[in-house]
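Visitor: Below is the structure I would like to discuss, written out as structure tokens.
Readers should treat all values here as calculations from the given coordinates under stated rules, not as data from a laboratory. All figures in this text were calculated on a predicted structure; none of them were measured in a lab. No Cβ is skipped: glycine too gets one built from the backbone with ideal geometry, and neighbour counts run over all protein chains shown.
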């Protein structure tokens, strides 16, 4: 808006310049959908190291990054493969430090959401009634239990510290070149993650004119002024789903789950789908008809909303 | 939806049955727009007493209820007349107990929002960095200042207690008969108020088929299952504005501001616009062409969003 | 009428949902259970999913995850995790379903670490939303397979608190409400009993025996007074299930 | 070039906004000031409104309230109060505009009670969002009319904290950032000076005198070194203002 589209850049450059070794990174925060796997793969190609993945769920993305040696810490609620279950790379790293150890900062989905909300909105902490009685309070010393200062009777409350990720990468159905984006369907922790992060990369399934986004400001989940870079990456969330755009490629994730059972199998998978594929465009070409079959072709349009002022 | 439309009712009945003397009531929580003045007037006609108005701003609505003897307490951030400034009835009540005294529980907009958020989401309190240094901490003893238990250095934090209104009345552009509603444009504290309240009355500018609402679940601000009653009240927010539907009737509010300078003037205004008008339909007829001139006739439609799954 | 064990589990789980209740629904069997309940005895139950989906009618289409496009289409509300879990923290959610890798005598669940935190024997995926549902839903409903190494005296790590050490331990920990109400397995239904809240055998599934269930349980499982056989799915329940399970995946 | 006092105030206020800043905009003059800044020297400033509107380009049409339909149409983001004020609490908002009925030597503002809380002489509308903006914006900009009974030694009630008792008082109260940076009146511009943060005269408007401004101030107003005349609106600034003020309301 009112300026050059200087945020629009290539996926390679966004990852090279905005995600640094040692960063804490959110790769998708909608839980199961809209996970920017294209960035997961590019992080692996660029051999980033020491990443701390802040992940509510993010399906198999975190498991891939651990296996590839990029992620050495997890600050999150769940790491595995949503349809397959266990994450084999996560297991190997936690159980036998293969290919390396992984530091685990345990959260639950709600406490992670409240931590990101606290980060987004400058709250000193977020008080929650969850985690009481859970050993997560023991495995992660970042939480603090206090007696509710507002209560006359003893009432333990868990204080969750704010989380401010270095980078959040969020896949959206459409954005303009300044990072103003529309998102619909369930959003998990995406709003909190975008507003809490120091840098935001938007992975747009489609780049549209600013007028399209401005036509519906209530569909904006986070404003363009928090966005550092916008990448045009059609199907950048494959194999995860995106409302109205892409079905989930469950077979792909199941195949990953099977192949990653062994380190050799994982390396073979990585070679085939990531390391021997130069970029996202080549990945899409490799998927070919399979990707086309995942494209949602039907129409179930939202009822019109009018913003006219006169 | 799988159920009968048993929530649809007349405005008179909703007010009679769901808003009781002594209740704490939110009448609109979007700050300046979408204020359900039709309910303000009906509360006055039904001579409700002892109401505690939880109001971020709500334009002149609270001032009217104080002058009419309905509201004896204000839990909020601001009472006046947005374009005119001071609220004359509020002044008379606070300064000289005319027509009665008013208890004032001072908040700021942000602390009120966080109080309603705490009420909505079961938080024991909400920590804020606002109000420090403000005498609001002295005039309202509900706040508590503590040292941040998560900080190594001394850092004062204000704890805001949760607010759970007895009733929230929210004007929306369209709803189905079960109270599932779409809202667009800025929403102030409406989401928090709807989710915090014990009872919710939806004042719909238009009642639509459930399929219309279900076509765009991201446009839903609060779900129908928190709604107790749905009232079909076209222009029920007059004289306040509603995005894409109604312009603000500033002349009407200015006229109220002038007339309410004196108790006699206020009573005359009340006689003309409330007490001698039997119901909302008669109010709309009385407004006549003036109301038609406020109707937004242009079209500036939101870009389509697709929810298709295949 | 024939039915599979999984179908029986789904129907038994569906029966735990009452009409008009708000239910936090987990993946796989619970999502089917919610659908069966809606289409049989609980036509006004509401399903909440931690990704931010709230639904009335069950989704039309197979779901591999709770956020798959069919679960978004026609939802009652698509919003964020904080909103739906916040409603649960506020005491609005009547029941929540979770599973687990390990469960103990008091219904505590482990989905985090088996064999210690530092160098675990098995690193499980973690809580996801399970710890929150266990802490904040008014009733916890558990679905899992019944094997001796999963039904243990005491879980090594409490991801999702049940009745903790039993008795008043849960309340003392600060959890003002909730707690496991039923554990539905492939062999039986267990329920907490008495002031101690220890899980007892409430019913055994057709084809199972009390001794067999006890042998598959890692603690000395007691029987509830009057424990009998889990009622077989009724015609209406199976019809509802077959309506949802178009592909016969769960048969 | 001729201009009204209100036009000068709007332009002086606009000059306080720097390019690319996030600005919390209040009603009336500040909304015009934001528009002038956007259309002259700050083309990438962003305006936030407490009702939940965020805008790039100024609204096309007269606004009686910040939530009027022209401010919704074509907005950058329409959301809730907690979101926009939360961003401010997080330190993202560079500057915020508020007014007041009373202001004192240290820039504290009163919009609540004149003459005591119990039986006030004048009950003012209250904080609205002013207390929040004063506490949490990185710079506070005040716009109000300059009259002796409004510019007082010490306000009777601090609705919106300025520098409190001066010096380190604001930091000691726990406000880690912010504080008044400029007070723009119909006679002059005041700014805090030195470690005490007392408001000093920074410039007097054309046609006003230092003595006249001092006479309209309820404390012993000192002058900043080099205090001169407020620069008249430039051609570009007035053009921007006239673009927005189509009806000539502020002339």
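Visitor: Only bridges with both residues in region A:139-279 count here: give the DSSP antiparallel percent, nearest 5.
Guide: 40 percent
Visitor: Next up: Return a whole-number percent for the relative contact order of chain D, with Cα pairs under 8 Å and 6 or more residues apart as the contact set.
Guide: 19 percent.
Visitor: Return the calculated 222 nm mean residue ellipticity for chain B, to the nearest 500 deg cm²/dmol, obtained by summing -39500 (n - 2.57) across DSSP H runs with n ≥ 4 and dividing by the residue count.
Guide: The helix-only estimate for chain B comes to -8000 deg cm²/dmol at 222 nm.
Visitor: Let me ask something else. Sort region D:173-241 into rounded, prolate or oblate with this rule: let a ≥ b ≥ c be the square roots of the eigenvalues of the Cα gyration tensor; rounded if a/c is under 1.5, and if a/c is not under 1.5, prolate when a/b is larger than b/c, oblate otherwise.
Guide: Judged from the Cα gyration tensor, region D:173-241 comes out oblate (a/c at least 1.5, b/c at or above a/b).
Visitor: Where does region B:134-227 land on the Kirkwood hydrodynamic radius, alpha-carbon pairs, in angstrom?
Guide: Computed over Cα pairs of region B:134-227, the Kirkwood hydrodynamic radius comes out at 15.6 Å.
Visitor: Where does chain D land at 222 nm, in deg cm²/dmol rounded to the nearest 500, when only DSSP H runs of n ≥ 4 count, each adding -39500 (n - 2.57), divided by all residues?
Guide: The per-residue figure over chain D is -6500 deg cm²/dmol.
Visitor: Inter-copy label distances at residue B:298, 7 Å along the Cα→beta-carbon direction, one decimal in nm, shortest first?
Guide: When each copy's label point is compared with this one, the spacings are 3.7 nm.
Visitor: When a/c reaches 1.5 or more, the comparison of a/b and b/c decides; with that in mind, is chain B rounded, prolate or oblate per its Cα gyration tensor?
Guide: It is oblate, given that a/c is not under 1.5 and a/b is not larger than b/c.
Visitor: For region C:107-165 and region D:119-143, what is the separation of their C-alpha centers, rounded to whole Å?
Guide: Region C:107-165 and region D:119-143 have Cα centres separated by 50 Å.
Visitor: For an R0 of 56 angstrom, estimate the FRET efficiency from the Cβ-Cβ distance between residue C:247 and residue D:242 and round to the nearest 0.05.
Guide: 0.25
Visitor: Provide the percentage of antiparallel DSSP beta bridges, counting only those with both residues in region C:5-244; round to the nearest 5.
Guide: Percent antiparallel among DSSP bridges in region C:5-244 is about 50.
Visitor: Averaged over its residues, how many other protein chain Cβ atoms are within 10 Å of peptide B:78-85's Cβ atoms?
Guide: The mean count of partner-chain Cβ atoms within 10 Å per residue comes to 5.
Visitor: How far is the Cα center of region C:172-251 from the Cα center of region D:50-77, in Å?
Guide: Centre-to-centre distance over Cα atoms comes out at 56 Å.
Visitor: If you don't mind, another one. Relative to the other copies, what are the label-point distances for residue C:19, with labels 7 Å from Cα along the C-beta vector, expressed in nm at one decimal and sorted shortest first?
Guide: For residue C:19, the other copies' label points sit at 6.6 nm, shortest first.
Visitor: Apply the a/c threshold of 1.5 to the C-alpha gyration tensor of chain D and tell me whether it is rounded, prolate or oblate.
Guide: Oblate shape, in that a/c is at least 1.5 and b/c is the bigger or equal ratio.
Visitor: Follow-up. If you scale each eigenvalue of the Cα gyration tensor by 5 and take the root, what three semi-axes come out for the protein assembly as shown, rounded to whole angstrom and sorted largest first?
Guide: Largest first, the protein assembly as shown gives 51, 33, 28 Å.
Visitor: Moving on. Below 8 Å between Cα atoms, with a sequence gap of 6+, how large is the relative contact order for region C:74-199 in percent?
Guide: 28 percent
Visitor: Taking each residue of A:174-182 in turn, how many C-beta atoms of other protein chains fall within 10 Å of its C-beta, and what is the average?
Guide: Mean partner shielding for this stretch: 1.
Visitor: How many nm separate the modelled label positions at residue B:275 and residue B:198, each set 7 Å beyond the Cα in the direction of the Cβ?
Guide: 3.1 nm
Visitor: Which distance in nm do the two modelled labels at residue A:100 and residue D:117 give, with both placed 7 Å along the Cα-to-Cβ direction?
Guide: Placing both labels 7 Å beyond Cα along the Cβ direction yields 5.7 nm.
Visitor: Out of all DSSP beta bridges in the protein assembly as shown, what portion is antiparallel? Express it as a percent rounded to 5.
Guide: 40 percent
Visitor: Which distances in nm, rounded to one decimal and ordered from shortest, link the label point of residue C:147 to the equivalent label points in the other identical copies, with labels set 7 Å from Cα toward Cβ?
Guide: Between copies, matching label points for residue C:147 lie 8.2 nm apart.
Visitor: Under a point spin-label approximation (7 Å from Cα along Cα-to-Cβ), what is the residue D:148-residue A:10 distance to one decimal in nm?
Guide: Placing both labels 7 Å beyond Cα along the Cβ direction yields 7.2 nm.
Visitor: Express the relative contact order of chain B as a whole percentage, based on alpha carbon pairs under 8 Å and six or more residues apart in sequence.
Guide: The value is 19 percent.
Visitor: Closest beta-carbon to the D-to-C rotation axis: which chain D residue owns it, and what is the separation in whole Å?
Guide: Closest Cβ on chain D to the axis mapping it onto C, in Å: D:82, 6.
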